[in-house]
Amino acid sequence: MRIRLLAAALLLAAPLAAQDGGYKQPPAPIAQILDAAPTPAVLLGPTREWLLLLERRPLPPISEVGAPLLRLAGDRIDPRTSNRTRDVSFKSLRVRSVNGNTERELATPTNARIGSPRWSPDGARVAYTIATDSGLHLWVATIANGGSKTLTGPILSGATGAPCSWIDDARLLCRTVVGSRGAPPAESAVPTGPVIQQSAGRVAPNRTYEDLLQSPGDEALFEYHFTSQLAIVGLDGAITPLGTPGIHTASTPSPDGRHVLVETVHRPYSYLVPLQRFPRRVEVWSLDGKVERTIADVGLQEEVSPAFDAVPTGPRDAGWRSDAPATLVWTEALDGGNPATKADKRDRLLALAAPFAGEPATLAETEFRIAEVTWGRSGLALVDEFWWKTRRARSWKIDPDAPAGAPVLLFDRSAEDRYADPGSFVTVPNAEGRPVLLLAADGRGAYLIGDGASAEGDRPFLDRFDLTTKATTRLFRSTAPYFEMPVVVLDADARRVITRRESKTDVPNYVVRDLKSGKLAALTRFGDPAPQFAGVISQLITYKRNDGVQLSATLYLPAGYDKAKQGRLPFFFWAYPQEFKTAAAAAQVVGSPYRFTRPSGASHLFLLTQGYGVLDGPTMPIVGEGDKEPNDSYVQQLVAS
């Protein structure tokens with residue numbers, strides 16, 4: 001609905017000239033901004049020595065937007081390539097050293113559609129895909145000399161996401177199309193039989209999903225395009241098939257590079273829910289393709305409650321422990337996955353180490369749903385739990401090597417309370433390229449980065465947190481007139497950090513900040529992607545609705561606007577309601593008065609070039625305190641906001 005309103009407003013804002021019956025063009029300022037090169041994306045290498053700068057393309061050409069499209073099982077793919085449509089792509093790659101001024105272009109094909117960049121664990125190479133009309137190719141670039149070479153032809157399968165991941169510094173595990181699959185199933189206007197859906201006579205409410213399977217013909221196309229063959233690809237281009245083909249939705253090598261965690265979807269499929277809820281086997285394979293252990297065979301999830309705290313039964317969120325050679329971890333519900341069931345404990349965290357024999361060990365049991373696990377080292381992990389209905393969030397320190405010990409509570413808070421948010425723990429890639437908790441040299445200190453929400457707006461921070469005493473020491477906080485977000489901590493004692501620094505008039509750029517001296521060293525020098533917006537006025541405002549709840553928004557006025565001469569402006573509101581459990585949390589200020597704002601994509605801010613004012617992100621809280629539900633007074637609160 002918001003996009004439709006924006007389109008209607010743009011049509012009213014200025015006449016659109018037809019090009020001899022061809023495509024209509026937007027007003028000049030909008031076309032100029034959309035055709036300009038966007039600010040590059042940035043990806044730091046695992047050794048924290050190099051920044052990978054990913055040069056983005058402007059809007060995709062109409063040939064790409066108008067490419068063939070299949071809507072299958074909740075996804076959209078290009079049938080020519082068995083790859084997802086509209087994936088983010090880049091036009092070129094550059095690297096820049098963190099310590100110094102070395103910068104070089106990585107050799108890539110001209111006019112390439114580059115996707116899925118992945119650093120090797122040692123930071124010496126970057127693997128990436130190149131999309132052509134015939135399929136996905138795998139390439140690899142060497143940082144030391146900037147050279148690139150192709151490793152495969154158009155054989156990669158991107159239907160279930162990024163097709164490749166590094167096994168170690170010299171090999172990648174990829175999902176490839178099945179070479180013997182032949183031509184795709186022919187679409188027929190004549191049904192091969194009736195569409196049969198069977199009800200078990202039980203009430204099973206579900207959310208509404210797009211692009212679901214609708215017929216046996218869709219099922220055949222789904223199997224054709226989503227079935228893949230796992231393969232090991234060496235840096236010399238050698239390709240070794242692994243195991244048997246299947247609809248592999250995940251294939252993750254173990255940190256020691258000796259095993260693969262594989263999730264494979266199988267029948268029966270559903271016309272009611274998407275691929276993510278189809279039956280699936282979760283298995284551990286050896287690198288010769290043998291199944292070492294079946295962790296679970298999860299059934300069709302058509303009857304999982306749509307409640308936010310509901311989860312399917314059986315193992316879920318399976319993965320590898322980052323700080324161990326080959327230890328599987330996963331979560332299971334202890335309440336049948338039903339939040340309406342009374343239970344002292346809702347979830348448990350399980351682990352099973354290679355050779356994957358015997359029963360898994362229980363590492364932790366939680367009162368709420370397990371949201372995230374951060375691995376630190378032998379004897380240290382952090383477990384976050386969350387309960388949507390109450391918005392309560394807690395963080396625990398556990399010893400995964402001695403699970404019988406009592407967990408230590410670190411934080412217990414309302415997830416809605418942005419002012420009291422302690423931030424997120426900082427992780428760094430280990431030697432295997434897996435994220436682990438960054439610890440200070442004394443082994444006790446960890447680090448937290450947060451938005452720093454406050455009544456004066458967001459002021460990002462970096463804190464040192466003592467895991468033993470739970471004492472917090474503030475190392476950095478953004479100060480006016482800048483909005484400066486810590487991004488990467490460069491050393492164990494947090495002497496130097498990379499931040500992303502901006503102001504109302506300064507383009508966001510990355511700098512290395514010395515926290516002791518306060519000195520800054522520029523890492524990037526990105527220019528203004530839309531100088532047409534240089535004169536736009538922005539202001540963070542607060543106001544109250546009739547029930548006393550404080551609201552906030554960012555107010556934008558067109559460049560050169562003079563109220564005395566131009567009078568009142570037509571205004572466009574870009575808003576979306578959000579549920580809260582308390583009025584106090586709903587009243588907290590959102591945003592910062594020091595952000596550098598420019599439009600990107602199909603932005604509502606383009607209206608500022610056409611004489612409109614814009615109220616961006618006006619908070620519209622829908623509060624349901626205590627036993628009350630937000631929907632009890634949804635319309636009244638929406639109108640009041």
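A few comments on the model shown:
- Selection status of D309, within 30 Å of T208 (Cα to Cα), open to solvent by 50 Å² or more (accessible area, probe 1.4 Å) and touching a Pro at 6+ places or on another chain (Cβ under 8 Å): no
- Every test in (1) modelled with pLDDT of 95 or more; (2) part of a strand (DSSP E or B) is passed by L608 save one, and that test is (2).
- Scanning region 144-191 for residues that are under 29 Å from the mean Cα position of the chain (by Cα), of a type in the set (D, E, K, R) and open to solvent by 30 Å² or more (accessible area, probe 1.4 Å) returns K149, D168, D169, R171.
- Residue match in region 107-129 (condition: β-branched (V, I, T), in contact (Cβ under 8 Å) with a residue 12 or more places away in the chain, closer than 30 Å to E223 by Cβ and in a strand (DSSP E or B)): yes
- The set of residues from region 119-160 being among the charged types (D, E, K, R) and more than 28 Å from D75 (Cα to Cα) comprises D122, R125, K149.
- Cβ pairs under 9 Å, 6+ apart, first in region 502-522 and farther than 17 Å from G535 by Cβ and in contact (Cβ under 8 Å) with a residue 40 or more places away in the chain, second open to solvent by less than 40 Å² (accessible area, probe 1.4 Å) and aromatic (F, W, Y): E502/F483; E502/F596; P508/F483; P508/F526; P508/F596; Y510/F526; L515/F476
- T208 vs. criteria of a type in the set (V, I, T) and open to solvent by 80 Å² or more (accessible area, probe 1.4 Å): yes
- Search result, residues across region 339-364 that are free of Cβ contacts under 8 Å to residues at least 60 places away in the same chain and buried (at least 17 other Cβ atoms within 10 Å of the Cβ): P339, R346, D347, R348, L349, L350, A351, L352, P360, L363, A364
- A364 vs. criteria out of contact with any Gly (no Cβ under 7 Å at 6 or more places or on another chain) and over 17 Å from P403 (Cα atoms): no
- Yes/no for G450 being on the phi > 0 side of the Ramachandran plot, small (G, A, S), out of contact with any Cys (no Cβ under 7 Å at 6 or more places or on another chain) and open to solvent by less than 30 Å² (accessible area, probe 1.4 Å): no
- One residue from A530, A559, A602 being among the aliphatic types (A, V, I, L, M), within 28 Å of D506 (Cα to Cα) and touching a Pro at 6+ places or on another chain (Cβ under 8 Å): A530
- Output for region 566-606, where each listed residue is within 12 Å of T619 (Cα to Cα), open to solvent by 40 Å² or more (accessible area, probe 1.4 Å) and touching a residue at least 60 places away in the same chain (Cβ under 8 Å): W574, Y576, V590
- Residue, surrounded by the fewest Cβ atoms within 10 Å (Cβ to Cβ), within region 45-66, restricted to residues that are assigned to a loop (DSSP other than H, G, I, E, B) and in contact (Cβ under 8 Å) with a residue 60 or more places away in the chain: L59
- Residues satisfying the stated conditions in region 611-622, i.e. open to solvent by 20 Å² or more (accessible area, probe 1.4 Å) and either outside any loop (DSSP other than H, G, I, E, B) or of a type in the set (D, E, K, R) (or both): D616
- Residues in region 494-518 that are assigned to a loop (DSSP other than H, G, I, E, B) and not β-branched (V, I, T): A494, R495, K504, D506, P508, L515, K516, S517, G518.
- For region 375-403, filtered to residues that are farther than 27 Å from L287 by Cα and among the polar types (S, T, N, Q), the residue that is surrounded by the fewest Cβ atoms within 10 Å (Cβ to Cβ) is T390.
- Condition met for F356 (hydrophobic (A, V, I, L, M, F, W, C) and under 25 Å from the mean Cα position of the chain (by Cα)): no
- Enumeration of residues in region 488-516 that are open to solvent by 70 Å² or more (accessible area, probe 1.4 Å), within 28 Å of the chain's Cα centre (by Cα) and closer than 21 Å to P46 by Cβ: R496, R500
- Within region 141-176, tally of residues that are assigned to a strand (DSSP E or B), under 23 Å from R434 (Cα atoms) and free of Cβ contacts under 8 Å to residues at least 60 places away in the same chain: 3
- Condition broken by A141, with the remaining ones in (1) farther than 25 Å from R86 by Cα; (2) of a type outside the set (S, T, Y); (3) open to solvent by less than 10 Å² (accessible area, probe 1.4 Å) satisfied: (1)
The values are calculated or read from the model by the stated rules, or taken from the named source; none is laboratory data. Bear in mind the structure is a predicted one, so any value in this text is a computation, not a measurement. Glycine gets a Cβ as well: all are built from the backbone with ideal geometry, and neighbour counts include every protein chain shown. These accessible areas exclude ligands, DNA and RNA; they are computed on the full protein's heavy atoms, side chains included. Shrake-Rupley method; radii C 1.70, N 1.55, O 1.52, S 1.80 Å.
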